[in-house]
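Bear in mind that the values in this text are calculations on the coordinates, not laboratory data. Because the structure is predicted, anything quoted here is derived from the model rather than measured. Using ideal geometry, Cβ is built from the backbone for each residue, glycine included, and neighbour counts are taken over all protein chains shown.
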């Protein structure tokens, strides 16, 4: 994360609503591919906030192709990506620090 935050290619934005911080969304490069990632506070899930943030972010970021990853069991995040026009193009295993274990991730592209 420290390496990503110092990258000149990083675009990182706060997601806000009703005057408060709700999460983050950003674009960074992994192995030469532009990827997006977002995190939304669990207390505001299922309100369309991630979908709206992603739509606004995609309008702002002109880099294409743009990829995304989501845990294969994270149906909410997979739905957000699908609504934004992303399609699963593959799966891979990766370490998820939030879960403290390796998980299966879906890799998606518009």
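Kindly work out what percent of the DSSP beta bridges joining two residues of the chain are antiparallel, to the nearest 5.
Just about 90 percent of them are antiparallel.
So between residue 89 and residue 67, what do we pick up on full extension, going 0.36 nm a residue minus the alpha carbon distance?
Values: separation 22, 0.36 × 22 = 7.92 nm, distance 0.95 nm.
This chain segment gains 7.0 nm when fully extended.
What translational D, rounded to a whole number of µm²/s, comes out for the stretch 23-110 from Stokes-Einstein when the hydrodynamic radius is the Kirkwood one over Cα pairs, at 37 °C and 0.692 mPa s?
Taking Rh from Cα pairs, D becomes 245 µm²/s.
What is the spin-label model distance, in nm, from residue 75 to residue 6 if the labels are put 7 Å beyond Cα along the C-beta direction?
4.2 nm
To the nearest Å, what is the center-to-center distance of the stretch 54-104 and the stretch 6-50, using C-alpha atoms only?
11 Å
In which sequence would 67, 38 go, from the one with the fewest C-beta neighbours within 10 Å to the one with the most?
Going from sparsest to densest Cβ surroundings: 67, 38.
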